[in-house]
Structures are given as C-alpha cells and as structure tokens.
Amino acid sequence: MHELGIVFSIIKQVEKVAVENNVTSVKEVTLEIGEVSGIVPKYMTDCWQWAVDNRSEHMKDCHLRIIPIKARTYCEACGNTYDTVTYGKTCPKCQSGDTYLLTGNETYIKDIKAI
Ligand SMILES: [Zn+2]
C-alpha cells in the first residue's frame, strides 16, 4: 500500500507551507487525484486520520477532501479525445493505438484551508 507514503509526503509539503505562512492549524486539505494514478482514495482517507494525528505538528484533526480527475486519452491518428477508463489505449473512433494520456495520472494539492 503506497498510499501511506503519499500521505506522508503530502503532510510534509503542507507542514512546510504552514510554517512558511505562520499558520498554527490547518483545517482542510483538498487533493486532486487522477483516475488512473493508481491511488485509491479510500486508502488515502484511511491513512490520513492516523497520519495527521501522529505525524504532524499543525494538522491535528485536519480534514482531507478528494476531488477525482477524469482520465482522458488523445488519439494522434484522428484527433479524438475519449474516456480512458472505458476504452483504454485503443481509440474507439478509429481503432488506432497511437494514443496518449492527457489527464488522469496526476495527484496534487489543490487547496489548503487554515486558521
Ligand atoms: Zn482515433
């Protein structure tokens, strides 16, 4: 389960921002998680509570909000953009395999709410 490692790395980044901005308590962190990033949002929230209570200075009781990002793939052969989860690497319009992922593989911190 690599979600715990990701949670630690997010806490580290948020803690750094908190210190730089003289924030005493971070109340909510919003994460955007790509559909095909390999991260399971449920595992993230499971790790989160324990991690903020035990491994953070300024994030006790901090709430984690997750916004999923839809995965989209672009077809170089016909210029079509389609749903990655439904069709995978083959373009549903022209059956070409000459495609690449546009969005859906990324994870980033979108918003930090603090006091
Ligand atoms: Zn195509």
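Listed values for segment 36-45 are Karplus-derived 3J(HN,Hα) couplings in whole Hz (6.51 cos²θ - 1.76 cosθ + 1.60, θ = phi - 60°), namely 10, 6, x, 9, 9, x, 5, 5, 4, 5, and x replaces Gly and Pro. For the chain, the longest principal axis of the C-alpha atoms and the axis of helix 3-20 are separated by about 60°.
Per residue, the chain exposes an accessible area of 59 Å² to a 1.4 Å probe, with every protein chain left in place. For segment 56-89, list residues with backbone N below 17 Å from a point placed 7 Å from the Cα of L102 toward its Cβ? Taking a point 7 Å out along Cα→Cβ of L102, the residues of segment 56-89 whose backbone N falls under 17 Å are 69-89.
For segment 37-115, the tally of Lys pairs with Cα-Cα distances below 30 Å comes to 12, considering only residues 8 or more apart or on different chains. Dipole of the chain computed with +1 at Lys/Arg Cβ and -1 at Asp/Glu Cβ about the Cα centre; of A18, Q95, T30, farthest Cα towards the positive end is Q95. Cys residues of the chain that find no other Cys beta carbon under 4.7 Å: C47, C62. Label separation (S25 vs E57): 1.8 nm, computed from points 7 Å beyond Cα along the C-beta direction. Annotation: extensible slack from K16 through H2 equals 2.9 nm (criterion: 0.36 nm per residue apart, minus Cα-Cα distance).
The share of C-alpha pairs in the chain whose separation exceeds 19 Å stands at 52 percent. What a 1.4 Å probe finds exposed on segment 1-105 is 52% carbon and sulfur by accessible area, rounded to a whole percent.
The values are calculated or read from the model by the stated rules, or taken from the named source; none is laboratory data. The structure displayed is predicted, hence computed values, not measured ones. Positions of Cβ are backbone-derived with ideal geometry, glycine not excepted, and every protein chain shown enters the neighbour counts. Just the protein is used for accessible areas: all its heavy atoms, side chains included, with ligands, DNA and RNA removed. Shrake-Rupley method; radii C 1.70, N 1.55, O 1.52, S 1.80 Å.
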